[in-house]
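Notes for the one structure printed next.
The values are calculated or read from the model by the stated rules, or taken from the named source; none is laboratory data. Everything numeric in this text was worked out from a predicted model, so none of it was measured. Cβ coordinates were reconstructed from backbone atoms using ideal geometry, including for glycine residues, and neighbour counts include every protein chain displayed. All accessible areas refer to the heavy atoms of the entire protein, side chains included, with ligands and DNA or RNA removed. Shrake-Rupley method; radii C 1.70, N 1.55, O 1.52, S 1.80 Å.
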Amino acid sequence: MAQIDIIFSGFGGQGIQAAGKLIAYAGMLENKHVSFLPSYGPEMRGGTSNCHVIVSDDPIGSPILNSATVVMAMNRPSLDKFEKYLEPGGILLVDSSLVNRRPERKDIRVFEIPATQIASDLGNLAFANIVMLGKLIHETGAVSAEYIEKGLKKVLPERKHYLIPDEMKALKIGMEY
Amino acid sequence: MGEKILMKGNEVIAEAALRAGCRHYFGYPITPQTEVAHYFAKKMPEYGGTFIQAESEIAAMNMVYGAASAGARVMTSSSSPGISLKQEAISYAACAELPAVIVNIVRAGPGLGGILASQCDYFQSTKGGGHGDYRMVVLAPSSVQELYELVVDAFNIADRYRTLCMIMGDGMLGQMMEGVEFSDQEEIFKADKGWAVTGTGMTRENNMITSIYIDPEILEKHNLKLQAKYREITENETRVETYNCDGADIIVAAYGTVARIIKNVIKTAEKEGIKVGLIRPITLWPFPTATFEKYAEVPKAFLSVEMSAGQMVEDVRLSLNGKSPVHFLGRMGGMIPTQKEILEKIREILK
């Protein structure tokens, strides 16, 4: 792993920013260089909330991504918008519970995970982002599961720490999917 | 140093100011720097300080004038259109020699423009956005860590010289999260503020803070004093980072977030056998003229890369004084120069 450029995208409320912050925190705790940039401009309109995350062995240049090595799309507008951002050989993760079309590109690796369905089966829809994140770290090696757990302790307020065992369970399901 | 934490640039600005002993903040919300005010609103009461969301940017800057006159460490923050509104009071405060910190998280202009990152306020910041022969120190951080360090420095510089000090960042730096390590104890310059208007208690002559000098002889003398101070600041406080400049084929001048992109370009260019150097002014005023002079005859050409129509490039040209060709590449409106287009420009120049 030299540098992984990730675009997280979905509806507001799906935990897109939270997933981005979590992997950035985990990477930083793992002594990697990280940056997290939320969308705040006009790109927020039109059904997507997104953020750019870079995890790198070296100091990071621009935190804004013009292309990505990984795209996590949690709704249809996100897939429509960001599929083209992927570099050839890049990784596309799609929440297939919510996205009703197949990716078009043939020069990328596609993983379709019914993350919202899995989260629903687990009894908490808010875990869909963690299921997706599990697959993401499994396929990219961006950070290890151990550091995601450490990151959760930093990102979540103390009163929500009781959720961490369940979050880790959801992460494992994603990793093994 | 403490533990490394992941924080947003805007929040780091407020945290750094609190650590530097700033206990008074006056501002008015505007994207992309509103989180500065959020953070102060939440934290300032814990420190027993003052947080006021003023009725306007103009009022906020005049409140800064008041608090600074009383000798307090004080700051305001805004983004481009808001900074324009503050200019009258900035000029007054410069004339009255008031120490204060002003943060500009620049967005794309002119006018209300857009809310994305830009460096289009370089002229306004460094050449006097308000009226009169004044200067203020302008610091341009390029990472969240450096943002923290420079905000602390800004308060020290302001107090040391009785001057205004501006932090000029951009929307990208304000909005992004990066790791930051705070030190256990900040180095704080303790100024003797015997000039402040804090009440005489009938024990001394009254102090006066003013920006009006009707007598031309007195006003000229005051101007000469200011100019002498600016020379002293230029001598002592000019800051610059140079990277990969010795034996470079081309030297790029870039500051703030753009300089980060150049560091990536340097790596990519190296693979093609092109040696790219970087001169990154950390103080935009005073401008690191001597560093440009030093490297003037090293490369075949210089290239200034900015998120503007070409502003710092003028200072690069002045510094090199015709000794080397100077090229320019800029993006505007919130667009960010890409590695690819910078590299293409470099190839074209060296062809």
> Based on the Cβ-Cβ distance of B:Arg347 and B:Glu181, what FRET efficiency does E = 1/(1 + (r/R0)^6) give at R0 = 25 Å, to the nearest 0.05?
Replying inline: 0.05
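Which number do you get for Rg(Cα) / (2.2 N^0.38 Å) in segment B:155-276? Display every interim value, and only then the final one.
Values: Rg = 22.4 Å, N = 122, 2.2 N^0.38 = 13.7 Å.
With N residues counted in segment B:155-276, Rg over 2.2 N^0.38 Å equals 1.64.
How would you order B:322-334, B:275-287 from highest to lowest mean count of nearby Cβ atoms within 10 Å? Please report the intermediate quantities before stating the final value.
Details: B:322-334: 17.2, B:275-287: 22.7.
The most tightly packed comes first, giving B:275-287, B:322-334.
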> Once you sort the root eigenvalues of the Cα gyration tensor of segment B:279-351 as a ≥ b ≥ c, which label holds: rounded (a/c under 1.5), prolate (a/b larger than b/c) or oblate (the other case)?
Replying inline: oblate
> Given the C-alpha centroids of segment A:1-15 and segment B:301-351, what is the distance between them in whole angstrom?
Replying inline: 32 Å
>> Report the gain in length on full extension from A:Glu87 to A:Asn66: 0.36 nm times residue separation, minus Cα-Cα distance, nm rounded to one decimal.
In response: 6.6 nm
>> Name the residue from B:Gly9, B:Thr31, B:Ala70 whose Cα lies farthest towards the positive end of the charge dipole of segment B:4-237, charges +1 on Cβ of Lys and Arg and -1 on Cβ of Asp and Glu.
In response: B:Ala70
> Given the rule -39500 (n - 2.57) for each run of at least 4 DSSP H residues, summed and divided by the residues of chain B, what is its mean residue ellipticity at 222 nm, to the nearest 500 deg cm²/dmol?
Replying inline: -12500 deg cm²/dmol
> With the solvent-accessible surface defined on protein heavy atoms using a 1.4 Å probe, which residues belonging to segment A:54-72 display a reduction of at least 30 Å² in accessible area in the multichain context relative to the isolated chain?
Replying inline: A:Gly61, A:Ser62, A:Pro63, A:Ile64, A:Asn66
> Going by average Cβ neighbours within 10 Å, how do the peptides B:11-24, B:179-192, B:196-209 rank, with the highest at the top?
Replying inline: B:11-24, B:179-192, B:196-209
> Can you work out ³J(HN,Hα) from phi for every residue in segment A:111-118, in order, using Karplus 6.51 cos²θ - 1.76 cosθ + 1.60 and θ = phi - 60°, giving whole Hz and x for Gly and Pro?
Replying inline: 10, 9, 10, x, 5, 5, 4, 4
>> For chain A, what does the relative contact order come out to in percent, with C-alpha contacts under 8 Å and a separation of six or more?
In response: 23 percent
> Any idea how far the Cα center of segment B:250-286 sits from the one of segment A:128-147, in Å?
Replying inline: 34 Å
> About its Cα centre, what dipole magnitude does the protein assembly as shown give when the only charges are +1 on Lys and Arg Cβ and -1 on Asp and Glu Cβ, stated in debye to the nearest 20?
Replying inline: 540 debye
> Taking the alpha-carbon centroid of each part, what is the distance from segment B:118-181 to segment B:215-242 in angstrom?
Replying inline: 18 Å
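Any chance you could run the full-extension gain for B:Asp192 through B:Gln227? It's 0.36 nm times the residue separation minus the Cα-Cα distance, nm to one decimal.
Values: separation 35, 0.36 × 35 = 12.60 nm, distance 2.15 nm.
Using 0.36 nm per residue and subtracting the Cα-Cα distance, I get 10.5 nm.
Given the C-alpha atoms of segment A:3-176, compute the convex hull and give its volume per residue in Å³. Each step should come with its number before you reach the end.
Working: hull volume 18.2 nm³, N = 174.
Per-residue hull volume (Cα only) is 105 Å³.
For the protein assembly as shown, what does the equivalent ellipsoid look like in terms of its semi-axes, each the square root of 5 times an eigenvalue of the Cα gyration tensor, given largest first in whole Å? Don't skip to the end; give the middle numbers.
Details: eigenvalues 379, 171, 68 Å².
Sorted largest first and rounded, they come to 44, 29, 18 Å.
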> For segment A:86-177, what does the alpha-carbon gyration tensor say about shape, rounded, prolate or oblate, given a ≥ b ≥ c as the root eigenvalues, a/c under 1.5 as rounded, and a/b over b/c as prolate?
Replying inline: oblate
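In the structure shown, do any of A:Lys32/A:Lys135; A:Lys81/A:Lys169; B:Lys193/B:Lys229 have a Cα-Cα gap over 25 Å, and if so which?
Values: A:Lys32/A:Lys135 20 Å; A:Lys81/A:Lys169 31 Å; B:Lys193/B:Lys229 17 Å.
The answer is A:Lys81/A:Lys169.
To the nearest hundred square angstrom, how large is the accessible surface buried between A and B, total for both chains, probe 1.4 angstrom?
Working: alone 8400 and 15210 Å², together 21800 Å².
When A and B are taken together, about 1800 Å² of accessible area is lost.
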>> Using the crude model of +1 on Lys and Arg Cβ and -1 on Asp and Glu Cβ, and no other charge, please compute the dipole size for segment A:1-105 relative to its Cα centre, in debye to 20.
In response: 360 debye
> How far is it, in nm, from the label point at A:Lys160 to the one at B:Phe123 when both lie 7 Å from their Cα along the line to the Cβ?
Replying inline: 4.6 nm
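Any idea what the dipole of segment B:103-212 comes to, in debye rounded to 20, about its Cα centre with Lys/Arg Cβ at +1 and Asp/Glu Cβ at -1? Present the calculation step by step, with values, prior to reporting the outcome.
Numbers: 8 positive and 14 negative charges, 122 e Å.
The dipole magnitude comes to about 580 debye.
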> How far is helix B:257-271 tilted off the main Cα axis of chain B, in degrees rounded to 10, range 0 to 90?
Replying inline: 20 degrees
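Can you give the average number of partner chain beta-carbon atoms within 10 Å of each beta-carbon in peptide A:28-38, as a whole number? Write out the running numbers ahead of the final one.
Values: counts 7, 5, 0, 2, 1, 2, 4, 9, 7, 10, 4.
Rounded to a whole number, the mean comes out at 5.
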> So what is the relative contact order of chain B, in percent, for Cα pairs below 8 Å that sit 6 or more residues apart?
Replying inline: 18 percent
> Mean projection of the alpha-carbon convex hull of chain B over all orientations, in nm²?
Replying inline: 18.9 nm²
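Can you tell me, using C-alpha contacts under 8 Å and at least 6 residues apart, the relative contact order of segment B:241-350 as a whole percent?
Values: 194 pairs, mean separation 32.9, N = 110.
Here the relative contact order equals 30 percent.
Regarding segment B:37-145, what whole-number volume in Å³ per residue does the convex hull of its Cα atoms give?
Numbers: hull volume 13.0 nm³, N = 109.
That works out to 119 Å³ per residue.
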> Spin-label point model (7 Å from Cα, Cβ direction): what's the A:Val110 to B:Ser56 distance in nm?
Replying inline: 5.6 nm
